Amino acid sequence: MRYLPHTKEDIESMLKVAGQESLDDLFNCIPDDLKITNSLDLPQSLSEWELNVHMEELASLNIACKSYKCFMGAGSYDHYIPAIIPYLISRSEFMTAYTPYQPEVSQGTLQGIYEFQTMVTELLGMDIATASHYDCGTALAEACLIALRQNSKANKIAVSALTHPSHRQIIHTYISPSGYEIVEIPYTKEGLTDVKALEAMDDIAGIAVQSPNFFGNIEDLSAFKAVADVKMILFITSFTEALAFGLLKNPGSFGADLVAGEGQSLGIAKSFGGPGLGLLAGTKKQMRNLPGRLIGKTKDANGADGFVLTLATREQHIRREKASSNICSNNGLNAMTAAVYLATVGKIGIREIARQNHDKAVYLKKSLEKAGFESVFETPFFNEFLMKAPAGFEQKRAALINDKCTFAGICLDKFYPELKHHYLFCATETISKKDIDQLAKEVQ
Amino acid sequence: MNQQPGTSGLIFNEPLLWDKSRDGRCAMSLPKSDVEREPLDENLTGDSPNLPQLSELDVVRHYTRLSQWNFGVDSGMYPLGSCTMKYNPKTNEVQAARQGFASAHPLSGDEFSQGALKLMYNLEQYLAEITGFEAVTLQPAAGAHGELAGMLMIHAYFAKNGKQRSKILIPDTAHGTNPASAALCGYESINIKSGKNGILEPSVVEAIMDEDTAGIMLTNPNTLGLFETDIKEIALIVHSKGGLVYGDGANMNAIMGIVKPGDIGIDVLHLNLHKTFSTPHGGGGPGSGPVAVGKTLEPFLPIPRIVKELDTYKLVTDFPDTMGRIHTFYGHFGIMVRAYAYILSMGAKGLTDASKLAVLNANYVKESLKGTLNLPYDLPCMHECVFNDEFQKEYHITTMDMAKRLLDFGFHPPTVYFPLVVDGAFMVEPTETESKEDIDQFIDAVKAIAREAAEDPEKLRKAPLLTKVTRLDEVAAARKPCLRG
């Protein structure tokens, strides 16, 4: 096996030093009745070229071929990834390093993530961003726990019904063992979270609203902040499309206390839903409540600038059961990927990409309307919107996937049973006018 | 003594991104828009975020220089105990990057995602076979996330059976994530002491296990690198009080093809694909923390689950007793592809050999260094061994000083000051992918450092001397946090 370097002579001489006769004797400390007697029942090992054939066979069973057109979002977005991003991120010094516990030989990761934290705070208009979480759903669940723990009177968190359905499920999973509950804020006929319904809710410890919401619509976050202020509770926002803030007002400008988001759009492949990138940011006031790693700037013994993991007293390896979270490994390399992406697109690029996403989505919506789809909301959106499909679309959609590798929207009835024949469409900068015209023709 | 790998060379300074920024630069060629501009209400739009403005070469040089300040497995031996820093095969990266995997949208629908679902189904089967359990979930995104999933299943089990319990037993050798995960489920951690030879004694468990205790969280092999020989008896005690046994599989690399945790009384076990199954650690993730369960806990697995019907694979959510969902989609699929490629490359014999050689390497280090460093538990070890700085105390040299000096020799230090039960712990896990020559160099380096401790202790206290920066002021960093530029 090419990963195992030991020669027969190595094994013999090392066994001698270890005072054992054979490799099996190394396991004499384990009682025999605990050991297995047969070898593992696994497939025959493959050479690298056999593996390539096998893996390509499996990969091609997924419909995601070279001419792939993706009109789907809902938490996973098709964006252009410049060549330098995978090139730089595959540098083995980044990829094969552990968590930067030895800062003297980890300054690359540390400065890179410090810059990531800084760029995320710029993107979101917040004071502090952590070094990453698993995905938006888990980051949002952690944010809800912060709000619940800070409030000694209420044990419920108000979550918009237009928060990603999976995220609401994750929040439930995370908070219910501690006796906390979710109350769902309904949505209006404009496809927005119902602020009036929220006002009437009592005994809540925090408010969580996604914007752009799951239907793609842009929420008026100032209205929710006002309610949070009246109730004197924390205001949490979330998002699944990080590039929206190349164009939209950021959550910090609305006074959010905590922001949870998905950073997959920032140079990370969709990869069947993971690994993505959980973003979590907060105000200065929340600094010591934030879970997860933080990188801080400091000096070395010679006075040179350097970076370290800091505020570790919040974390499980120091605080154990009293830690703010159990998170340990996070999505560090994807945070680094997002940093390289943000540095690549820069201030000018992110604006232009965001604009193109919005413009193409509007064009797609108009084209679908002409093709017989019904607009559901007349509310401003970023790059996703909901449409009611004409009869027979379901079959056309399947044929489009099989024949043209084109994925036309996501059916929402499994998430919102009241929305039969409603599809969530998305257009990004990877979709051309020609693609949209073609789609409109096919679905007519 | 062989020449050591550590040396000094030209290293580049590199400013922060925004210090390089010049208005008007952009490292991405933006496509011309082919549709009309569609204005958005001014109340909704904001200024473009103040990101740095750089050329493509600026970006490439920035991250190339940063990377050169890092140490990875590809740079040198990384004997970080309990972290299993083995070689990360490059073919795994090629496999995960295949268009059919990397471009697959998670909501494409089962019919159009058969390749991904088949891979995940097979990986679940392989992990179930390696660990000896009924079923596996791949959804947890990291080891600690797997622990949380496992504990949530235990929590759901007691809720279903009508009476929730309030406590959980956790030995003093456990990873910090264990009590933190249990706390998220509302369980109070009851710390129990391991016996004088580093192994947990059944009588200790018997004395404390009661019907208000949900069970025990055990790492086997434990973090001292010792196999918990009384595991079966301990499991029997816990089970007799209606409790469950949680296995922390972070150290599975020692026992593949030797012991199946599912056979020896453990009810639920998490694995770290980024340890045992060779996926890269990435400087802090993304990892993957699958959880394997026996029959008792199978109904409580997270949803969705992958079900095979004839030759097709489906994602199914209809499991009434499920603990729920813990990831937006299905977990870290890209990491699963890498682990799957690793298992297929190794085969049954390869995995078993890996464990045997990992244990051989650790025992070789233990025997070779035990006169140089103090070895608090001198027993045959599994995949790692734990020394401390007892012998160096007379020179006022600490584990930290020796760890930092190792950097100058070109080695990543071992895990230090963990496990907590060993004062000044120096925990070495060589892994099976290190050759005898590289391990011999490491042993020589530690011996040379031990000599320096006696002859030139000041040098150790100033170490590292060859790295880009030397010891950093962590106290100042925490006292006046500067978390953004």
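Before moving on, here are some points about what is shown:
- In the range A:84-341, a dipole from Cβ-located charges (positive for Lys and Arg, negative for Asp and Glu) runs towards its positive end, and of A:251, A:294, A:88 it is A:294 whose Cα lies farthest in that direction.
- Its relative contact order, with pairs defined as Cα atoms under 8 Å and 6+ residues apart, puts chain A at 20 percent.
- In this simple spin-label model, placing a label point 7 Å from the Cα along the Cα-to-Cβ direction at both residue A:432 and residue B:160 gives a separation of 5.3 nm.
- Under 9 Å, Cβ to Cβ, from residue A:305 - net charge with Lys/Arg +1 and Asp/Glu -1: +1
- Listed residue pairs exceeding 26 Å between alpha carbons, taken from A:35/B:163; A:297/B:86; A:396/B:314; A:322/B:480: A:35/B:163; A:297/B:86
- Legend: calculated FRET efficiency, residue A:444 to residue A:420, from the Cβ-Cβ distance at R0 = 22 Å, rounded to 0.05, equals 0.55.
- Cross-link pairs beyond the 20 Å C-alpha cut-off, checked among B:160/B:241; A:249/A:433; A:153/B:167; A:225/A:365; B:404/B:459: A:249/A:433; A:153/B:167; A:225/A:365
- Taken as Cα centroids, the range B:222-297 and the range A:28-102 sit 22 Å apart, rounded to the nearest whole angstrom.
- As a length-normalised measure over Cα pairs under 8 Å and 6 or more apart, the relative contact order of the range B:92-344 settles at 28 percent.
- Value of [θ]222 nm, deg cm²/dmol, for chain B, DSSP H segments ≥ 4, -39500 (n - 2.57) each, nearest 500: -11000 deg cm²/dmol
- Take the Cα of residue B:111, go 7 Å toward its beta carbon, and the backbone nitrogen atoms of the range A:368-412 under 19 Å from that spot belong to A:389-412.
- Unit Cα scatterers, Debye sum, the protein assembly as shown: log10 I(q)/I(0) for q = 0.09 Å⁻¹: -0.91
- A dipole drawn for chain B from +1 and -1 charges on Cβ atoms has a positive end, and of B:186, B:316, B:374 the residue lying farthest that way is B:374.
- The ranking of B:32, A:189 from fewest to most other beta carbons within 10 Å of each one's beta carbon is B:32, A:189.
- Shielding of A:119-125 by partner chains, average beta-carbon count, 10 Å: 4
- Taking only the Cα atoms of the range B:347-476, the radius of gyration and Dmax are 15.3, 51 Å.
- Charge sum, other residues only, whose C-beta stays under 9 Å from residue A:205's C-beta, Lys/Arg counted +1 and Asp/Glu -1: +2
- Summed residue charge, Cβ within 11 Å of residue A:182's Cβ, Lys/Arg positive, Asp/Glu negative: 0
- The range A:154-211 and the range A:381-399: distance between their alpha carbon centers, rounded to Å: 28 Å
- Here the Gaussian network model covers chain A, with springs between Cα atoms less than 10 Å apart; of A:281, A:244, A:83, A:83 fluctuates the most.
- Gap separating the Cα centres of the range B:174-221 and the range B:81-132, nearest whole Å: 33 Å
- Under DSSP loop assignment and at most 14 Cβ neighbours within 10 Å, longest GluC sites (Glu not before Pro)-free interval of chain A: A:191-377
- Burial ordering of A:317, B:145, A:79, B:396, fewest other beta-carbon atoms within 10 Å first: B:396, A:317, A:79, B:145
- The dipole here belongs to chain B: it is taken about the Cα centre, uses +1 on the Cβ of Lys and Arg and -1 on the Cβ of Asp and Glu, and is about 480 debye.
- The protein assembly as shown - share of DSSP beta bridges that are antiparallel (%, nearest 5): 60 percent
- In the range B:92-344, the convex hull through the Cα atoms has an average projected area of 13.2 nm², a quarter of its surface area.
- As a ratio to 2.2 N^0.38 Å, the alpha-carbon radius of gyration for the range A:343-444 is 1.12.
- Efficiency of FRET between residue A:220 and residue A:83 - r from beta-carbon atoms, R0 45 angstrom, step 0.05: 0.70
- Pairwise FRET efficiency - residue B:321 versus residue B:172, Cβ, R0 = 30 Å, nearest 0.05: 0.35
- Dipole orientation for chain B: of the candidates B:108, B:443, B:339, B:443 has the Cα lying most toward the positive pole (charges on Cβ; Lys, Arg +1; Asp, Glu -1).
- Equivalent ellipsoid dimensions for the range B:1-90 as semi-axes, Å, which come from the Cα gyration tensor, largest first: 43, 18, 13
- Each principal axis of the Cα cloud of the range B:345-420 was evaluated for its coordinate range; sorted largest first, these ranges are 48, 28, 23 Å.
- Distant-in-sequence amide contacts of residue B:46, defined by a placed amide H-H separation under 5 Å and a gap of 5 or more residues or a different chain, comprise A:248, A:249.
- Shielding by partners, peptide A:262-269 (average Cβ within 10 angstrom, other chains): 2
- Binning the C-alpha pair distances of chain A at 20 Å intervals from 0 yields a P(r) profile of 22, 48, 25, 5, 0 %, listed from the shortest bin outward.
- For chain B: relative contact order, % (alpha-carbon pairs under 8 angstrom, 6 or more apart): 19 percent
- Point-to-point label distance, residue A:38-residue B:462, nm (Cα→Cβ direction, 7 Å offset): 6.3 nm
- Cβ neighbours within 10 Å from other chains - mean over A:49-56: 5
- If only the Cβ of Lys and Arg carry +1 and only the Cβ of Asp and Glu carry -1, the dipole of the range B:92-344 around its Cα centre is close to 380 debye.
- Spin-label model distance (nm) - residue A:11 vs residue A:188, 7 Å beyond Cα toward Cβ: 7.3 nm
- Compactness index (Cα Rg / 2.2 N^0.38 Å), the range B:236-372: 1.25
- Among B:305, B:479, the ranking by other beta carbons within 10 Å of each residue's beta carbon, starting with the fewest, stands as B:479, B:305.
- From the largest down, chain B spans 74, 68, 46 angstrom on the principal axes of its Cα atoms.
- Overall, the range A:288-336 carries a charge dipole of about 200 debye about its Cα centre when +1 sits on the Cβ of Lys and Arg and -1 on the Cβ of Asp and Glu, all other atoms neutral.
No value in this document is a laboratory result; all are computed from the given coordinates. Source: prediction; values computed, not measured. Here Cβ is always computed from backbone atoms with ideal geometry, including for glycine, and neighbour counts include all displayed protein chains.
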